[in-house]
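Q: The structure is given below, and queries will be raised subsequently.
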Amino acid sequence: MLYHLLKQTVKTQQSAGVSLGQPHLLQYDLDHDENVKKAVNDLSQAASGGSLYVIADEVGSKYRINNFQTLCELLLTRVPLLHLWAASCFHGHAPAGWQVEYLTRPLRSPPAVVREVEQDARITTHRDVLPYSERGVPDHTDGPPVTRLYHRGQCHSGRRPGECVKCGFFVASFLHSLRVGVTGRSTTTSTTLTSTSVGTTPPCLQWRDVLVLYWDKDSNQSGVVTGLQEAGIPVRVMTDDDIEDVVTARSDVVWVARGHRVRGLERKVVVCLENPDYDLFKSKYLTLYKLTSPRLDFISRCTSQLVIVSPDD
């Protein structure tokens, strides 16, 4: 998303006669020392003895942040004219002496969603993510109530909601109740899903405004996908080739994705498919290093209507 926004900005300024460089999207897996060295070499060569501007977003877990510190320190020795901005939800891991700003105002999500996110153990127990501060601006509404659907009862199948066609039907029915995809302007439920001024009628929701997120890497989401398709909803499961499409919301479809792959994106409607096996993986190792947390990483993507599909227990 940052890369595409930068490209648009550069293109606009160039059309106005301003001469600028070009943004470059570089991706590194900093789990391994050799990748840190490669990143330092690539970036220092790009500087060519001059200034280097780096934006590093969502630098990841504590483990990755430790490696990111090393990258920053090595890069500074190689590129004296370094300008680097980095963002992470974890605190207390910036390189020594670097300026730090804590951005904790909950400006993305309405209060109803914020209350769900702030229950995450990384905020309440482990405290490696700072709690929210005051919003600082009036809350004109609490936001749409969080909708909870349950994977239980007759006609439900599979252990996980993602495996269940019936759960797909339930999600589809709720999306239809929001009038998602309806041509024209809506005056029903979906009017609560935008932050327009009083007296205006917001446009109806589009399919591209919806994300369906799941946690487990290997879990089977075919049930929910089938249920959505049979209910007439355009839906696609995200693959590596779809990343740019998802980021730019180019296709007007409901995307189904593993939550950690869309960290940083926002959608008006987020459907979170809970996994009954999640609690089994709360070992010390995963508490420190796991990539995703359903509340912190998935639910916080929601800017308006949150839907949580829970297993029977």
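The values are calculated or read from the model by the stated rules, or taken from the named source; none is laboratory data. Everything numeric in this text was worked out from a predicted model, so none of it was measured. Cβ: placed from backbone, ideal geometry, glycine included. Neighbour counts: every protein chain shown. These area figures cover heavy atoms from the full protein model, side chains too; ligands, DNA and RNA do not enter into them. Shrake-Rupley method; radii C 1.70, N 1.55, O 1.52, S 1.80 Å.
Q: If a residue must be open to solvent by 20 Å² or more (accessible area, probe 1.4 Å) and farther than 21 Å from PRO106 by Cβ, how many such residues does segment 261-274 contain?
A: Counting residues in segment 261-274 that are open to solvent by 20 Å² or more (accessible area, probe 1.4 Å) and farther than 21 Å from PRO106 by Cβ gives 2.
Q: Can you name the number of the only condition in (1) touching a strand residue (DSSP E or B) at 6+ places or on another chain (Cβ under 9 Å); (2) within 23 Å of ASP297 (Cβ to Cβ) that ARG152 fails?
A: Just one mismatch for ARG152, condition (2).
Q: Same structure again: Given the residues ARG159, ARG127, ARG115, ARG135, which is the only one that is assigned to a helix (DSSP H, G or I) and of a type in the set (Lys, Arg)?
A: Of ARG159, ARG127, ARG115, ARG135, the one residue that is assigned to a helix (DSSP H, G or I) and of a type in the set (Lys, Arg) is ARG115.
Q: Looking only at segment 93-141, filter to residues that are acidic (Asp, Glu) and more than 22 Å from PHE298 (Cβ to Cβ); which one of those is surrounded by the most Cβ atoms within 10 Å (Cβ to Cβ)?
A: ASP139
Q: Now a separate question. Got a number for residues in segment 10-45 being open to solvent by 70 Å² or more (accessible area, probe 1.4 Å) and not in a loop (DSSP other than H, G, I, E, B)?
A: Number of matching residues: 10.
Q: Restricting to segment 63-92, count the residues that are within 25 Å of ARG135 (Cα to Cα) and open to solvent by less than 50 Å² (accessible area, probe 1.4 Å).
A: Going residue by residue through segment 63-92, those that are within 25 Å of ARG135 (Cα to Cα) are 85-92.
From the residues that got through so far, the ones that are open to solvent by less than 50 Å² (accessible area, probe 1.4 Å) too are 87-88, 90.
Count: 3.
Q: When you go through GLY49, GLY60 one by one, which is the residue that is open to solvent by 50 Å² or more (accessible area, probe 1.4 Å) and modelled with pLDDT under 90? Talk me through it step by step, then tell me what you get.
A: Values: GLY60 fails: open to solvent by 50 Å² or more (accessible area, probe 1.4 Å).
Selected residue: GLY49, the only one of GLY49, GLY60 that is open to solvent by 50 Å² or more (accessible area, probe 1.4 Å) and modelled with pLDDT under 90.
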